């Protein structure tokens, strides 16, 4: 059976470099890594990972903990993480920890304590206080995707800014009666709160605070649909513009509007956040983010952190980009019952 | 530090039982497992998994290989698998192997050969011939979700039967011009072909073979939308009924119909397969399957197979259930251009 020295010799690199290239621990150039991997393949070299991890304390495995894999954003981040880990030759252990399940309790109580990973990536996790204690107790490098950009090791868009810009887009089109839809206790997530704050501050800055209104709903397409069917039916109070916590909620609102015979955008403008894979089909104006890139960036930050635990861990705030499609348009004051009931400014 | 004997003593069971309960290898009752886990928690007992796996050859880890995590069906199966594995105290290593990517090549060339799992679950994998060879070479117990129910260790609905029953539902409502939408080379999946076969045989049995028509599209919501916008625009050839390869394609078709001013179901009846989380919002008639249950069943079959590799491995065909919502209705011969062009039978 071939050993690491045979691989190194064939690839023309040092044993240490060959080991780094195959384990994903530490940096080697893409070219060198490819050369070493080719050599390993040619020699049928497969690292004995269990033995290796006992010797080095490294598992060549990264844990990913997230509250669901069925939401578009989370699944996209997961695929970005997987791509980057495959590229580094590292395994991915998934901890799908849906809030309120016994599975989540077991992950925090038992699974994480086994420390079968060199580092953790938490995606949209929103841990409770006791869960944060558990995460700290395992003492492994960790990076978060989604969260407070002021915390070290956090990758996210500026959610407050996204909520503000979505709102300003509608204000720029002449809308005043703009509602925010999404988020409800106890399912408030960090990013939805920030987007609501951005909406509130944009409304206040434009002198429209009196028109601000928050409609609660689950952050899902069916959640957005159910809440919208309810509040859009009230013609007298119906807003002309809708800022949605995310695209899934926005698409639910558009479907509800169609069912009620409300034209988008002439009766109702709708803007989301995400650029979901269905956004184009629904002609949805949105603040686009790139979840795959966020996942890949998380891996890069985590591997740097593992390689040099003493170096400071940066945070990365990625920009959200406004994509204007035809779900938003100028306000039509003449046909709006709510506008008829307010004095023009 | 507490050992396994301390845990066994506290739980009032044998060491072997305690070990089985904590490792997920072999069967113990849910009650006993809970008792042992409580004891382990009380004693702060955490198994040293690397050392344990060197001794026993068991990694306490199951590999899951699937072509995407962003499709609804696949993500739901994954959550079912995760729930069942958490319940057995087993880790889940994810191999997200999108067709045509270098990541997929690396999974088959390198990652699987490391054998860092006690068994594999392949979900909708559709392996190529060379990939099947790799899977056989790793010589680990394996279960498939989605596939030919004649193969041992396969869990699926009877896809041919689902396609047939969807078609018969429309025939029963008086439709004759019924098209099938979904599937295209080279992205044909096993289940889509079977559903098309079921559609074809139902059409033939009803004497409607001359009206059968297959419209190709990618098996996604945007794919169904794009293809539908194209073929629904041709009024003279527009069918009155549409059997869709899956709900995502069906929802895309419904959105396209709305955009073209085609009323569902009075002008066009649409039926899907899945019962996708959005099916209810779109009032979609569908053949429902339960992907989470399929994932959980896969884990049970795999663990039985690992515990007793010599026992025959069964296949499980789960029933699909017709859910009638308002996307299907009786055919309106008077208003259909295509019906006007054919003699009534």
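At a glance:
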read-out	value
Candidates A:299, A:331, filtered to the one that is under 26 Å from residue A:119 (Cβ atoms), in contact with a helix residue (DSSP H, G or I) (Cβ under 8 Å, 6 or more places away or on another chain) and outside any strand (DSSP E or B)	A:299
Residue in segment A:94-106 that is nearest to residue A:295 (Cα to Cα), counting only those that are facing chain B (nearest Cβ under 7 Å) and crowded, with 21+ Cβ neighbours inside 10 Å	A:94
Residues (out of contact with any strand residue (DSSP E or B) (no Cβ under 6 Å at 6 or more places or on another chain) and either without any contact (Cβ under 8 Å) to a residue 40 or more places away in the chain or away from chain A (no Cβ under 13 Å) (or both)) located in segment B:285-308	B:290, B:293, B:300, B:303, B:304, B:305, B:307, B:308
Qualifying helices (runs of 4 or more DSSP H) (wholly inside segment A:22-89; at least 2 residues being at the interface with chain B (Cβ under 9 Å from one of its Cβ atoms), within 21 Å of the chain's Cα centre (by Cα) and modelled with pLDDT of 80 or more)	A:72-87
Test: residue in segment B:317-326 that is exposed (fewer than 14 other Cβ atoms within 10 Å of the Cβ), part of a loop (DSSP other than H, G, I, E, B), within 14 Å of chain A (Cβ to nearest Cβ) and over 21 Å from the mean Cα position of the chain (by Cα)	yes
Failed criterion for residue B:226 (all others in (1) surrounded by fewer than 18 Cβ atoms within 10 Å (Cβ to Cβ); (2) over 30 Å from residue B:69 (Cβ atoms); (3) modelled with pLDDT of 95 or more hold)	(2)
Unmet requirement for residue B:134, which otherwise passes all of (1) within 24 Å of residue A:79 (Cβ to Cβ); (2) in contact with a strand residue (DSSP E or B) (Cβ under 7 Å, 6 or more places away or on another chain); (3) not in a loop (DSSP other than H, G, I, E, B)	(2)
Segment B:161-175: number of residues that are in contact with a strand residue (DSSP E or B) (Cβ under 8 Å, 6 or more places away or on another chain) and under 27 Å from residue B:236 (Cβ atoms)	8
Residue in segment A:124-131 that is surrounded by 15 or more Cβ atoms within 10 Å (Cβ to Cβ) and under 19 Å from residue B:94 (Cα atoms) present	yes
Failed item in (1) in contact with a strand residue (DSSP E or B) (Cβ under 8 Å, 6 or more places away or on another chain); (2) at pLDDT below 95, with residue A:187 passing the rest	(1)
Where residue A:264 falls short, out of the listed (1) within 14 Å of another protein chain (Cβ to nearest Cβ); (2) closer than 14 Å to residue A:170 by Cα; (3) free of Cβ contacts under 8 Å to residues at least 24 places away in the same chain	(3)
Residues of segment B:132-144 classified as surrounded by 15 or more Cβ atoms within 10 Å (Cβ to Cβ) and at positive phi, total	0
So residue B:109, is it modelled with pLDDT of 95 or more, within 9 Å of chain A (Cβ to nearest Cβ) and outside any strand (DSSP E or B)	no
Residue match in segment A:145-155 (condition: surrounded by fewer than 20 Cβ atoms within 10 Å (Cβ to Cβ), within 14 Å of chain B (Cβ to nearest Cβ) and on the phi < 0 side of the Ramachandran plot)	no
Residue in segment A:8-17 that is within 12 Å of chain B (Cβ to nearest Cβ), out of contact with any helix residue (DSSP H, G or I) (no Cβ under 6 Å at 6 or more places or on another chain) and modelled with pLDDT of 75 or more present	no
Per-region count, segment A:90-106, residues outside any strand (DSSP E or B), free of Cβ contacts under 8 Å to residues at least 60 places away in the same chain and in contact with a strand residue (DSSP E or B) (Cβ under 8 Å, 6 or more places away or on another chain)	2
Test for residue A:162: is it closer than 25 Å to residue A:330 by Cα and buried (at least 22 other Cβ atoms within 10 Å of the Cβ)	yes
Selection status of residue A:208, within 18 Å of the chain's Cα centre (by Cα) and either free of Cβ contacts under 8 Å to residues at least 24 places away in the same chain or over 29 Å from residue B:226 (Cα atoms) (or both)	no
Matching residues, segment B:112-131, being part of a helix (DSSP H, G or I), touching a helix residue (DSSP H, G or I) at 6+ places or on another chain (Cβ under 7 Å) and within 19 Å of residue B:185 (Cβ to Cβ)	B:131
Search result, residues across segment B:107-119 that are under 23 Å from the mean Cα position of the chain (by Cα) and free of Cβ contacts under 8 Å to residues at least 60 places away in the same chain	B:107, B:108, B:112, B:117
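Per-residue answers, yes or no, for (1) assigned to a loop (DSSP other than H, G, I, E, B); (2) in contact with a helix residue (DSSP H, G or I) (Cβ under 7 Å, 6 or more places away or on another chain); (3) touching a residue at least 24 places away in the same chain (Cβ under 8 Å):
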| site | (1), (2), (3) |
| --- | --- |
| A:163 | no, yes, yes |
| A:170 | no, no, yes |
| A:176 | yes, yes, yes |
| A:179 | no, no, yes |
| A:192 | no, no, yes |
| A:195 | no, yes, yes |
| A:202 | no, yes, yes |
| A:224 | no, yes, yes |
| A:230 | no, no, no |
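Conditions (1) farther than 19 Å from residue B:327 by Cα; (2) more than 14 Å from every other protein chain (Cβ to nearest Cβ); (3) touching a helix residue (DSSP H, G or I) at 6+ places or on another chain (Cβ under 7 Å); (4) surrounded by fewer than 24 Cβ atoms within 10 Å (Cβ to Cβ), marked per residue:
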{"site": "B:218", "(1), (2), (3), (4)": "yes, no, no, yes"}
{"site": "B:234", "(1), (2), (3), (4)": "yes, yes, no, yes"}
{"site": "B:237", "(1), (2), (3), (4)": "yes, yes, yes, yes"}
{"site": "B:242", "(1), (2), (3), (4)": "no, yes, yes, no"}
{"site": "B:252", "(1), (2), (3), (4)": "no, no, yes, no"}
{"site": "B:270", "(1), (2), (3), (4)": "no, yes, yes, no"}
{"site": "B:277", "(1), (2), (3), (4)": "no, no, yes, yes"}
{"site": "B:283", "(1), (2), (3), (4)": "no, no, no, yes"}
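The values are calculated or read from the model by the stated rules, or taken from the named source; none is laboratory data. This structure is a prediction, so every number in the text was calculated from the model and none was measured. Glycine gets a Cβ as well: all are built from the backbone with ideal geometry, and neighbour counts include every protein chain shown.
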